[in-house]
Each structure stands twice: as structure tokens, then as C-alpha cells.
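The values are calculated or read from the model by the stated rules, or taken from the named source; none is laboratory data. These numbers come from a predicted model, not from an experiment. All Cβ positions, glycine included, derive from the backbone under ideal geometry; neighbour counts span all protein chains shown.
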Amino acid sequence: MMLMSLHHVQLAMPKGGEADARAFYGGILMLQEVAKPSELVDRGGCWFEAGSVRVRLGVETPFAPAKKAHPGFMVASLSVVEDRLRDHGISFERDVVLPDVHRLLVHDPFGNRIELMARRD
């Protein structure tokens, strides 16, 4: 077996959280919602994509947010992301700068940790 690529990231959300997911992942992070296959619609949740980035939110009961485990997404500009988060009243924190990236941490409406990174020039 050889892994070829990452297909998607699955995050958990509580039942009934679709509107909050759409506001954050679609509205704030500007991912496009895509239709779930009809076989999965009754499970709740929603799916988002932008280019090769695929994020799927699935209902988990009982729900517990991922506080440490997290996806890390590359962005073109952290300052643009910071401005967007501030404009929407979403708190974030800068994390330790690594040799090749600047990073910040934000939590989705359900408390799941999200890391956003931009390459250092």
C-alpha cells in the first residue's frame, strides 16, 4: 500500500450545527459548500472545498471538539486572514514561527482547533 495524497479532512460537529459550519467554513474561510452524496445526507453535517482542500464536517454524538488534533491549512497571507477574522469578531492567536512558516490558531464554532499558515519569505 502506498499513500498517494490526502483526499479530505473530517472534523466533528454537534447535531444541528450546519448553519454555524456554513457561516465559519463558507463565510469566514471562504470554502465552497459542496453537496453530500444522497446516501449520506440523512447523517447531517456538510462538506466544503477550495481547490484541492476538502473539509468534511460530520455529526458526532456525543460531541467533543478536537482541542489538540487539527488540520493545518496554507494561506497566501496571514495578515489578510487576521483582518478577516477580526472583522468577523473571531479570536485567534499567533503561534511559534517555524523556519518556513508563520502560523496562527483559531477555533471553529464548535471548538475544533484550526491552524492557518503562510510561507515565510
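Filter the stretch 6-44 for residues that are small (Gly, Ala, Ser) and either part of a strand (DSSP E or B) or touching a residue at least 24 places away in the same chain (Cβ under 8 Å) (or both); which is surrounded by the most Cβ atoms within 10 Å (Cβ to Cβ)? Before you say what the answer is, go through the steps one by one.
First pass over the stretch 6-44, keeping only residues small (Gly, Ala, Ser): 12, 16-17, 19, 21, 23, 26-27, 35, 38, 44.
Still in the list and also either part of a strand (DSSP E or B) or touching a residue at least 24 places away in the same chain (Cβ under 8 Å) (or both): 12, 16-17, 21, 23, 27, 44.
Numbers: Ala12: 18, Gly16: 9, Gly17: 20, Ala21: 23, Ala23: 13, Gly27: 12, Gly44: 19.
Among those that are small (Gly, Ala, Ser) and either part of a strand (DSSP E or B) or touching a residue at least 24 places away in the same chain (Cβ under 8 Å) (or both), it is Ala21.
Only one residue in Pro62, Pro99 is of a type outside the set (Val, Ile, Thr), surrounded by fewer than 15 Cβ atoms within 10 Å (Cβ to Cβ), within 15 Å of Leu11 (Cα to Cα) and more than 15 Å from the chain's Cα centre (by Cα), so which one is that?
Sole residue among the options that is of a type outside the set (Val, Ile, Thr), surrounded by fewer than 15 Cβ atoms within 10 Å (Cβ to Cβ), within 15 Å of Leu11 (Cα to Cα) and more than 15 Å from the chain's Cα centre (by Cα): Pro62.
If the requirement is being modelled with pLDDT under 95 and either more than 15 Å from Asp20 (Cα to Cα) or acidic (Asp, Glu) (or both), which of these qualifies: Leu98, Leu116? Walk me through it before giving the result.
Numbers: Leu116 fails: modelled with pLDDT under 95.
Matching residue, one of Leu98, Leu116: Leu98.
Identify all residues within the stretch 1-57 that are within 21 Å of Leu85 (Cβ to Cβ) and among the small types (Gly, Ala, Ser); write none if there are none.
Gly17, Ala19, Ala21, Ala23, Gly26, Gly27, Ala50, Gly51
Identify, by number, the condition in (1) assigned to a loop (DSSP other than H, G, I, E, B); (2) in contact (Cβ under 8 Å) with a residue 24 or more places away in the chain that Leu3 doesn't meet.
So Leu3 meets the others, but not (2).
Among the residues of the stretch 34-48, what is the count of those that are under 16 Å from Val59 (Cα atoms) and under 15 Å from the mean Cα position of the chain (by Cα)?
Number of matching residues: 4.
Among the residues of the stretch 94-119, write down those that are within 28 Å of Val59 (Cβ to Cβ), without any contact (Cβ under 8 Å) to a residue 60 or more places away in the chain and not hydrophobic (A, V, I, L, M, F, W, C).
Across the stretch 94-119, the qualifying residues are His107, Gly111, Arg113, Glu115.
Can Leu40 be described as of a type in the set (A, V, I, L, M, F, W, C) and under 20 Å from Ser52 (Cβ atoms)? It would help to see each step written out before you state the result.
On the way: of a type in the set (A, V, I, L, M, F, W, C): yes; under 20 Å from Ser52 (Cβ atoms): no.
Criteria not met by Leu40.
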